[in-house]
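I have placed the structure first, in the form of structure tokens, so that the comments after it can refer back to it.
The values are calculated or read from the model by the stated rules, or taken from the named source; none is laboratory data. These figures come from a predicted structure and were not determined experimentally. Note that we place each Cβ from the backbone using ideal geometry, even for glycine, and neighbour counts take in every protein chain shown.
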Amino acid sequence: MIKIYHRISFKIAILFTTIFFVLFFLLGYMLYGLFSNLFVDYISQDLLTRGDNHAKVLEENFNQSTLHHVALMEKNVETNVVVTNEKQQIIVFSDPVTSEMESYFLKESIDTHLTINNNWSNQSFIATVSPIKKGELGYVYMFYPTSLLDETVTVLKIFMLIASIGIILLAIGLIGYFSKRMTIPLLEMKDATNRMSKGEYQQSLKINGKDELAQLAYSIRSLGEQLHYFENTRNEFLAGVSHELRTPLTYINGYSDVLLKGLIKNKEEEKKYLKIINEETKRVTNLVNDLFDLTKMQNGKFEIHREKVDVKALLKKVMDTLSPVADQKDLIFRYHSLNKKEDNPVYLFLDPEKMGQVFYNLLENAIKYTEQGTIIASIDQDGQHVKVVIMDTGIGIPKEDLAHIWEGFYRVEKSRARQTGGSGLGLYVVKQIVQLHGGVIEVDSIEGKGTTFTITFRKEVIV
Ligand SMILES: Nc1ncnc2c1ncn2[C@@H]1O[C@H](COP(=O)(O)OP(=O)(O)OP(=O)(O)O)[C@@H](O)[C@H]1O
Ligand SMILES: [Mg+2]
């Protein structure tokens, strides 16, 4: 069981909540600053207008009655008005004047109105002053207690706090839900891979949608299928290899025993037994060589050594070694020249031993999988390419198997391969060698009619 703080859902939830939290508070802080500035601006503008109005009235009529009216107008409201003479001595006020209010009084004379203080968070008042410019000179001071603003801001803060807690809870809930939805398939994949490590390769993982998780599930599922396939082919291969080894080894053992014990009747019989031993040894050697090549190919250590080779001569040489086998099955087995320049060599820059093996494997297959009819090899060339074609009128390869015949250990129909023998390595080795030479090998086959293998080399490799 994974600890909660190790879970991806937990980490995602923490990450997103933190991001959300920071963004929300940045936004809140900005809104709060904007709002309070606007509010303070609005108040100081209002104070200036009112102060100006009082100053204008006093400019017209600076007497006790007007002063009394000015003070009365600001009596039962939040604002406070203080009128001073030119020397900053208080003449009238609407509410008692505190020493803090007096501290705002001007030290020098001015001739336009101004906001003396708009620092609402540290001072007790927002204050403005409007000069009385005509008649009896003096100043109209207007005060607005910031305690009122504090109250509004406190309400705003509480509102924001409640909203933020609500939004964060909602965010945690939503993020928790979505990350859980995301981690459930991950946990399923973890369980599936655990089961795969115990040998249950085929896992039926659900694939929903096309996102990265779905792709991962898809990859795990196909990995399982591949592993299952390799497990099966490996078992079949091991069974095939042991079968392939057992048959010739039994022959070699049996016939050499007879020879050792001197149980042979005549020279002819002795020769026959030695020939069988010799052939069976070759079979074992071929199989071991194929296996050795396969290992080297899979490790990327298979190397070719190119030299100038007459492919036509090479092909014919391989055909000569195989023609007794074709004769045994009464097959027509020949090289067919496509043009009149029959004897002209066709030079390519190849590894003769490896390419000989390619021709051998293809011709051996053609003989092995043809019961009656013809096997024809030919070489065709144009300005840019040289094509080696091996055609037979054998049993053919079913369409659905065509794409797979190049895979190691793949054999069409196990029973058929068992009859004919073989490990399914031949064409794998062929394809690797052809590709190492920069060539392309293709197959064309109709079941029951025959098969044609074509190797195409580009002429660049020709000297
Ligand atoms: N000329 C052909 N005609 C019909 N089937 C063929 C022919 N060549 C190859 N195949 C099919 O392709 C399969 C793979 O061929 P491949 O040469 O790799 O293996 P193999 O002949 O069975 O064994 P190996 O060559 O390792 O002894 C064969 O089992 C056979 O079914
Ligand atoms: Mg073969």
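Okay, residues lined up against (1) closer than 23 Å to Ser9 by Cβ; (2) loosely packed, with under 12 Cβ neighbours inside 10 Å; (3) free of Cβ contacts under 8 Å to residues at least 40 places away in the same chain:
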residue: Tyr141; (1), (2), (3): no, no, no
residue: Met160; (1), (2), (3): no, no, no
residue: Ala171; (1), (2), (3): yes, no, no
residue: Arg195; (1), (2), (3): yes, no, yes
residue: Gln226; (1), (2), (3): no, yes, yes
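Considering Ile19, Ile14, Ile43, which residue is in contact (Cβ under 8 Å) with a residue 60 or more places away in the chain, in a helix (DSSP H, G or I) and in the same structural domain as Met142 (by TED's automatic domain parsing)? Outline the logic, then answer.
Values: Ile19 fails: in contact (Cβ under 8 Å) with a residue 60 or more places away in the chain; Ile14 fails: in contact (Cβ under 8 Å) with a residue 60 or more places away in the chain.
One residue alone meets the criteria, Ile43.
Quick one: which strands (runs of 3 or more DSSP E) lie wholly within the stretch 293-383 and hold at least 2 residues that are within 16 Å of ligand 1 (Cβ to nearest atom) and either closer than 29 Å to Lys449 by Cβ or not hydroxyl-bearing (Ser, Thr, Tyr) (or both)? Give the derivation first.
On the way: elements: 307-310, 332-335, 347-350, 374-381.
The strands (runs of 3 or more DSSP E) meeting that bar are 332-335, 374-381.
Given the condition in the same structural domain as Gly448 (by TED's automatic domain parsing), among the hydrophobic types (A, V, I, L, M, F, W, C), under 27 Å from Ile395 (Cβ atoms) and surrounded by fewer than 20 Cβ atoms within 10 Å (Cβ to Cβ), answer yes or no: does some residue in the stretch 333-355 qualify?
Within the stretch 333-355, one or more residues are in the same structural domain as Gly448 (by TED's automatic domain parsing), among the hydrophobic types (A, V, I, L, M, F, W, C), under 27 Å from Ile395 (Cβ atoms) and surrounded by fewer than 20 Cβ atoms within 10 Å (Cβ to Cβ).
Quick one: which of Ile277, Ile304 is over 19 Å from Gln432 (Cα atoms) and either modelled with pLDDT of 90 or more or in the same structural domain as Leu427 (by TED's automatic domain parsing) (or both)?
Only one candidate passes the filter, namely Ile277.
I need every pair where a residue in the stretch 350-377 that is at negative phi has its Cβ under 6 Å from the Cβ of a residue that is among the hydroxyl-bearing types (Ser, Thr, Tyr) and within 16 Å of ligand 2 (Cβ to nearest atom), sequence separation at least 6 or different chains.
Lys368/Thr420
Which of the residues spanning the stretch 143-158 are under 59 Å from the mean Cα position of the chain (by Cα) and surrounded by 11 or more Cβ atoms within 10 Å (Cβ to Cβ)? Steps first, answer last, please.
Filtering the stretch 143-158 down to residues under 59 Å from the mean Cα position of the chain (by Cα) leaves 149-158.
Leu149, Asp150, Thr152, Val153, Leu156, Lys157, listed by residue number.
Consider only pairs whose beta carbons are under 8 Å apart and that are at least six residues apart or on different chains; among these, list those whose first residue lies in the stretch 180-191 and is assigned to a helix (DSSP H, G or I) and whose second residue is among the polar types (S, T, N, Q) and modelled with pLDDT under 85.
Listed pairs, sorted by first residue: Lys180/Ser9; Met182/Ser9; Thr183/Ser9; Pro185/Asn208.
If Phe21 passes every condition in (1) modelled with pLDDT under 90; (2) surrounded by fewer than 17 Cβ atoms within 10 Å (Cβ to Cβ); (3) closer than 21 Å to Asn119 by Cα but one, which one does it miss?
Only one criterion is unmet by Phe21, namely (3).
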